[in-house]
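Notes follow once the structure below has been shown.
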Amino acid sequence: MIPTQRRSALAAILFGAILVLAVRSQAAPPPLKPYKVGFNAWIGSIAFFVAQQKGFFKDEGLDVQTKSFSSPGDGLKPLLSGDLDAVLSTADSVLTVVDKAPGQLKIVYLTDTSSGADAILAKQDIKSIKEMKGRKVAATLGQCNQLLLSKALEKAGLTEKDINLVNMNPDDAGAAFAAGQLDVAVTWEPWITKVAGEKKGHVIFSSKDTPNLILDVLAVNTKGAAKKSAETRAFLKALNRGYEFVLAHKAEAAVLAGKSLEQKPEEVLPMLDKITLFGPAKNLELLAGPAAEASKQVAQFFKDKKVNDTLVDTSTLFDASYLK
């Protein structure tokens with residue numbers, strides 16, 4: 001028979017052990033839910049880079065697993081196949097995909113619009129758009145920067161027949177221009193800042209002249225989003241925290257984004273002046289109609305250029321429900 005004192009001591013020990021286990025059980029957070037996101041190195045995704053490095057996604061219970069792509073459209077095929085849950089892309093890239101896969105993708109968030117971060121760079125001796133006539137111009141055919149070029153030519157009373165147009169992606173065009181191999185290049189950041197800083201050329205037209213033409217977005221697979229509705233809402237909540245952080249702490253945000261963009265903070269800050277970031281309030285406003293209206297002209301351009309077989313109905317492409 002166990003003496004009373006020993007029984008009391010044993011009971012106290014057992015009670016203490018149970019209490020510790022109970023406290024640990026209560027304190028242990030639930031396991032993080034995996035959420036696979038594709039992206040490319042673009043300044044407009046700065047809120048995403050910040051949210052990732054500040055742990056905002058983990059705060060919302062997500063284990064965000066990322067995959068980097070060289071072009072904004074490259075992640076959309078694995079999104080369609082279900083290998084990714086969401087992709088940071090561009091509205092025009094989504095339009096080219098839903099042409100062949102109608103109703104399979106939705107745009108649920110607008111990260112930003114380019115307002116100078118996409119531009120037409122020209123040699124110093126080319127002072128105006130009209131002086132592009134007969135010159136070697138690089139642009140990505142069938143993508144939104146070709147539309148940007150068309151807008152510029154239209155403004156000057158020219159067409160693509162008036163220039164020597166070559167097909168080149170924006171990064172290659174920027175690099176070729178910086179190397180002196182092109183007269184004109186339609187490119188994006190960081191090449192615009194780099195070329196201007198080295199005084200190798202200047203901007204003669206940019207996305208600042210065509211508001212909301214180039215929209216950067218978060219796209220989801222329609223079927224996958226239905227299964228991961230809670231995770232998508234949590235992702236957007238953390239993304240909005242990233243947006244608020246960028247607004248309040250631009251210098252620190254530039255340091256954090258610089259790691260993902262492989263740029264120095266002092267190179268990132270000027271890029272921020274060439275985009276317009278969107279938060280939750282602006283998203284609700286734009287997703288309710290203006291974004292679809294702005295994308296109509298892109299859809300029409302793609303149809304006219306035979307990039308798309310159909311005229312994509314942009315009215316059904318944007319979905320604000322995950323923000324509500």
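Nothing in this text is a laboratory measurement; each read-out follows from the coordinates by a stated rule. These figures come from a predicted structure and were not determined experimentally. As a convention, Cβ positions derive from the backbone with ideal geometry for all residues, glycine included, and neighbour counts pool all protein chains shown.
Remarks
- For region 119-132, the Karplus equation 6.51 cos²θ - 1.76 cosθ + 1.60, evaluated at θ = phi - 60°, returns couplings of 7, 9, 9, 10, 4, 4, 7, 9, 8, 8, 5, 4, 6, 6 Hz by residue, with Gly and Pro reported as x.
- Sequence-ordered 3J(HN,Hα) estimates for region 210-216 from the Karplus curve with 6.51, -1.76 and 1.60 and θ = phi - 60° stand at 9, x, 6, 5, 10, 9, 9 Hz, glycine and proline given as x.
- Inter-part distance, region 273-296 to region 76-152, computed on C-alpha centroids, equals 16 Å.
- Kirkwood-Stokes translational diffusion coefficient of region 23-139, alpha-carbon pairs, 37 °C, 0.692 mPa s, µm²/s: 189 µm²/s
- Dipole of region 57-110, positive end: most advanced residue of Ala101, Phe69, Phe57 [Cβ charges, Cα centre]: Ala101
- A crude spin-label estimate for the pair Asp74 and Asp59, with each label 7 Å from Cα along the Cβ direction, gives 3.1 nm.
- Taking every DSSP helix (H) stretch of at least 4 residues in the chain, weighting each as -39,500 (n - 2.57) and dividing the sum by the residue count yields a mean residue ellipticity at 222 nm of -13500 deg cm²/dmol.
- Remark: region 177-190, residue by residue, has Karplus-estimated 3J(HN,Hα) of 5, 4, 7, x, 8, 10, 7, 9, 9, 9, 9, 9, 6, x Hz, where x stands for each Gly or Pro and the curve is 6.51 cos²θ - 1.76 cosθ + 1.60 at θ = phi - 60°.
- Too-long pairs where the Cα-Cα distance tops 23 Å, listed order kept, from Lys54/Lys227; Lys67/Lys274; Lys127/Lys208: Lys54/Lys227; Lys67/Lys274
- Share of Cα-Cα pairs in the chain lying beyond 32 Å, as whole percent: 35 percent
- Over region 118-209: Kirkwood hydrodynamic radius from C-alpha pairwise inverse distances, Å: 12.5 Å
- Near Asn40, the amide H atoms lying under 5 Å from its own belong to Phe69; only residues 5 or more places off or on other chains count, and H is placed 1.01 Å from N.
- Neighbourhood charge, 13 Å Cβ-Cβ cut-off, centred on Pro270 and excluding it, Lys, Arg +1 and Asp, Glu -1: 0
- Near Ala248: Cβ cut-off under 14 Å, other residues only, Lys/Arg at +1 and Asp/Glu at -1. The net charge is +1.
- Projected over every direction and averaged, the convex hull enclosing the alpha-carbon atoms of region 97-137 yields 5.5 nm².
- Cα-only Debye scattering, region 155-250: base-10 log of I(q)/I(0) at q = 0.15, 0.16 Å⁻¹: -0.85, -0.90
- Greater than 19 Å apart at Cα, pairs in Lys58/Lys250; Lys100/Lys306; Lys36/Lys250; Lys237/Lys324: Lys58/Lys250; Lys36/Lys250
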